1. In degrees between 0 and 90, to the nearest 10, how far off the longest principal axis of the chain does helix 391-405 point, with axes built from Cα atoms?
2. Under 19 Å from a point 7 Å along the Cα-to-Cβ line of K256: which residues of region 173-198 have their amide N that close?
3. What net charge is computed for the residues neighbouring T229, neighbours being all others with C-beta under 12 Å from the C-beta of T229, Lys and Arg scored +1, Asp and Glu -1?
4. Run the simple label-point estimate for F165 and N179 please: 7 Å along Cα→C-beta, distance reported in nm.
5. If you scale each eigenvalue of the Cα gyration tensor by 5 and take the root, what three semi-axes come out for the chain, rounded to whole angstrom and sorted largest first?
6. At a Förster distance of 45 Å, what's the computed FRET efficiency of N223 paired with K29, Cβ-Cβ distance as r, to 0.05?
7. Is it possible to state the helix-based mean residue ellipticity at 222 nm for the chain, with each DSSP H run of 4+ residues giving -39500 (n - 2.57), the sum divided by total residues, to the nearest 500 deg cm²/dmol? What is it?
8. Binned at 10 Å from 0, what are the whole-percent values of the Cα-Cα distance distribution for region 290-466, short to long?
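Readers should treat all values here as calculations from the given coordinates under stated rules, not as data from a laboratory. Note that the structure is a prediction, hence the values are computed from the model and not measured. Note that each Cβ is placed from the backbone with ideal geometry, even for glycine, and that neighbours are counted across all protein chains shown.
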Amino acid sequence: MNSLKIFITLLIIFIFFGKASAAVIIYPKSENTTIDADVTFFVGNEDINNTLRINSEPVELHSSGGFFYPVNLKYGENIFNIDNGVETKVYTIFRPENKKQHEKYVVERFNAPQIYEVSKDNVPLRSIPYDGGINRLQHFDKGVLLSVVGDYKQFYKVQLARDDFAWIDKSYVKQSVDNDYKPAQINSYTYEENDKYKTYKIKLNKKVPYILTERIAYDLVKNQYESKTVGLDLVIYNIENLPEHKYELYIPKKDKLFGYKSYYTNDNELVIQIKNTPSVDNKLPLKDKTITIDPGHGGSEIGAVGCLGDYEKNINLKIALRLKDYLQQAGANVVMTRNDDSYVSLSDRVEISQNNNSDIFISIHNNALGDSEAKSNRSGASAYYFYPQSKELASTMLKVLTKELSMNDDKLRQRSFAVVRNTQSPSILLEIGYMIKPTDNAKLIRSDFQDKAAKAIYDGLEKYLNDL
Ligand SMILES: [Zn+2]
């Protein structure tokens, strides 16, 4: 009896104080959760001496102990037993029945056009009535007058010209006091240039809508668009004495577009300001260039969480601070959107870059996946841009990152991320690797790798500037 008591006591001590503890699950965040997707994944870590099984299937452990394990979800309740041979954790994931039907896209047409006025700054005009994806045609500041001809859900349908329509969120416009939508007059046209900018000014008698787009070179032999920009196309709508009341102007630029902005002054002058491409000394390409580094997330926004529990925000900052050193040593003027673990809003990050007249903006992140992407096998580095003028910087950076860091190429993508929706300088977002993929994660948490990542971004910048 005595020896049995001792054995039981030892067993209890072992269970409570030994290695005997359950697997650490980082994702899903809770043991009872709802996920509206047909697949999801478990991310976490386990002692590599143990055998981890999820619903009796062995889970591959990385030498760091980290794991990423995709699972299927059926409708209703899905039970997962996570067993490391010592203790079993039970996760219950509820997948709701998909009741979403394809909604009919019925636009309510008004009896007569109504005149609305943009009521706040930086309001997107969209090609379709949907808040998301790549559908922004232009951003308007307060006071631009619009002819509204119908509505769909939270959007008004705007008529720009006889056959040109667009959409604007109802909450960013108000009915104009005078219901007059007579075409506007162009009163004067001026052009100025100095060593920094070329500026076009078009004086009107009211603020009418316009769309400014980057023109991309077309390769007639290959029958496709090149990544090279060749200037800007401006269309101003509702201008008198012109066919369809459209004023169209092509603004050529021989060298690469490197930032521009457009706005109305209080006295209805439309200003298009185009930044000159900086001159580059090939021996010191970064000298006197203003580079804004944006370490993603911060403060209450932790970003993705890695297999071993590390926060993305901290890794982003470490890489960014190393990059700052490299750039400063090369004579660059570095602007940081954050230097410590503080919260900075997305719009403030863009504003910091603009207020400092940045030549280049780089946001540094590390990736995770959505539930539905669980089986995509994605890992490695990716680069994101929104405006065509930023595409080449993103693609150069991705090539250098994948090569110098031996990361998988997780592609170059155009995405409507707020921090890269900035026309005033080439602006990109980099995902160095995946926090939730064990192999990437094991690299990302090492300080020598963080330093290598910073050096790779630095090399990418240097290469991009030298190729200008
Ligand atoms: Zn992030």
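1. Approximately 20 degrees, to the nearest ten.
2. Answer for this model: 196-198.
3. Every neighbour counted, the sum reads +1.
4. Going by the 7 Å Cα→Cβ label model, 2.1 nm.
5. 50, 30, 18
6. According to the calculation, E is roughly 0.40.
7. Estimated from H runs of four or more residues: -6000 deg cm²/dmol.
8. Per 10 Å bin, starting at 0, the Cα pair percentages come out as 11, 42, 39, 8, 0.
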